[in-house]
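What follows is a short report on a single structure.
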Amino acid sequence: MKRVLSGIQPTSDSFHLGNYLGAVKQWVELQDGHDAFYCIVDLHALTVETDPALLRKRTLASAAQLLALGISPDKSTLFVQSQVPQHNQLGWIMECLTGFGEASRMTQFKDKSSKSGADSSRVALFTYPMLQAADILLYQAHYVPVGEDQRQHIELTRDLAGRFNSRYGQTFQLPEAYILKTAAKINDIQEPTAKMSKSSGAVAGVIEIMDSPDANLKKIKSAVTDAGREVTFDAVEKPGISNLLTIHCALSGRTIAELENEFAGKGYGDFKAAVAEVVVEYLRPIRTRALELLEDEKHLLDILHQGSAKARTVAEATLADTYKNLGVVL
Ligand code: ATP
Ligand code: LTN
């Protein structure tokens, strides 16, 4: 069976629709027929200032949401990054392989560091992609299901794996990004040319899984639309309507052409009401299930501890090979 690995940061109380449609929906589908490892990357979340109580709460909330969205501990290994110390150990080796210029070209670093200025950004924000490479390579993953914004980090991971293999002997599987064209990027519904984001979007533009059905209904009904009146897909001229069409299709399974037909001659208002209905009904049972899971913290911790124990066995074997090939005395 091919290996799959992906990660998500516990940086907010709720995942948003972009996280689900861009990434987690594929995680759920890939559980069948693959050996899947899914990691809550709490160490990556520390690259920005965090409050200890919030980090704990959000790590558990992330686990509850992943389970509610369909990740099954019987089918895949769900674990917490900090519970597998080999991530830091291989992360250092990856830093030793990466050029300063190469790391400086990472667009996520450039975007995030430009917000507070490079001087006040943490060093770990700069080395973040090398820890991510370690996350992936420890498990010898073939596929990495992520949204479009992560493509460059997966390319770097492939480069580092290839570099290590050619210098020190075959050690790592070269991973491939697994990115679906249809929902690879969901945009902010108030600012539809920017990606929907946990940390940088204003709340009104971000559809959160843990938001109440009422709140999401209101948000979608006040989504920004475009000039004109026709519901048609045109990412350049009509970014607002196109984003809503993408969301509707991804959740309802209908095609853009079907929706364009159905709403021909009707206004944006009717269309937004339909999108709101689809989103709210899709998310309602997921939120309820996540809230139920959060009531039993011990059960959640048991699942994570079991996952982390299984992850450690795989990670230990890869790290031992890496050290041996590097000439480290064992
Ligand atoms: P932050 O804003 O804090 O960087 P984020 O919202 O981008 O967070 P991550 O934890 O970095 O979320 O990403 C988890 C997964 O969700 C990644 O695979 C990422 O590619 C995907 N993702 C995030 N935002 C979107 C989006 N707007 N559309 C599609 N996929 C997305
Ligand atoms: N950098 C990713 C989160 C992440 C990840 C990973 C994704 C950390 N480690 C390993 C895939 C595989 C992000 O910001 N979305």
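Coordinate-derived values only; no laboratory data. This one's a predicted model, so the numbers in the text were calculated from it and none came from an experiment. Quick reminder, even Gly has a Cβ in these numbers, built from the backbone with ideal geometry, and neighbours come from all protein chains shown.
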Quiz item: Taking only C-alpha pairs under 8 Å that are 6+ residues apart, what is the relative contact order of the chain in percent?
Solution: 23 percent
Practice problem: Quick one: angle between helix 107-116 and the longest Cα principal axis of the chain, in degrees between 0 and 90, rounded to 10, please. | Solution: 80 degrees
Exercise. Please work out the FRET efficiency for the pair LEU217 and VAL329, using the Cβ-Cβ distance as r and a Förster radius of 56 Å; give the result to the nearest 0.05.
Key: 0.35
Quiz prompt | Computed helical MRE - 222 nm, the chain, DSSP H runs ≥ 4 contributing -39500 (n - 2.57), nearest 500 | solution = -17000 deg cm²/dmol
Exercise. Enumerate the aspartates and glutamates that LYS218 could reach by cross-link, defined here as Cα to Cα under 12 Å, with residues fewer than 8 away along the same chain left out.
Key: GLU277
Self-check item: Entries of LYS185/LYS310; LYS2/LYS298; LYS25/LYS75; LYS75/LYS181 with Cα pairs more than 21 Å apart
Solution: LYS185/LYS310; LYS2/LYS298; LYS75/LYS181
Quiz item: Which of the aspartates and glutamates could a cross-linker span from LYS112 if the Cα-Cα distance has to be under 14 Å and same-chain partners fewer than 8 positions apart are dropped?
Solution: GLU49, ASP149
Quiz item: Short version: ³J(HN,Hα) in whole Hz for each residue of region 134-150, in order, from phi by Karplus 6.51 cos²θ - 1.76 cosθ + 1.60 (θ = phi - 60°), x for Gly and Pro, what are they?
Solution: 4, 3, 7, 6, 4, 9, 6, 6, 7, 10, 10, x, 8, x, 3, 4, 9
Quiz item: Can you list residues whose amide H is under 5 Å from VAL80's amide H, if they're 5+ apart or on another chain and H is modeled 1.01 Å from N?
Solution: ILE40, SER308
Quiz item: Each residue of region 97-104 in order: what ³J(HN,Hα) in whole Hz does its phi give by Karplus 6.51 cos²θ - 1.76 cosθ + 1.60, θ = phi - 60°, with x for Gly and Pro?
Solution: 9, 9, x, 4, x, 4, 5, 5
Practice problem: Could you list which residues have their amide H under 5 Å from that of ASP234, counting only those 5 or more apart in sequence or on another chain, with H placed in the peptide plane? | Solution: SER242
Quiz prompt | Average Cα contact separation per residue, region 171-265, under 8 Å, 6 or more apart, as relative contact order % | solution = 24 percent
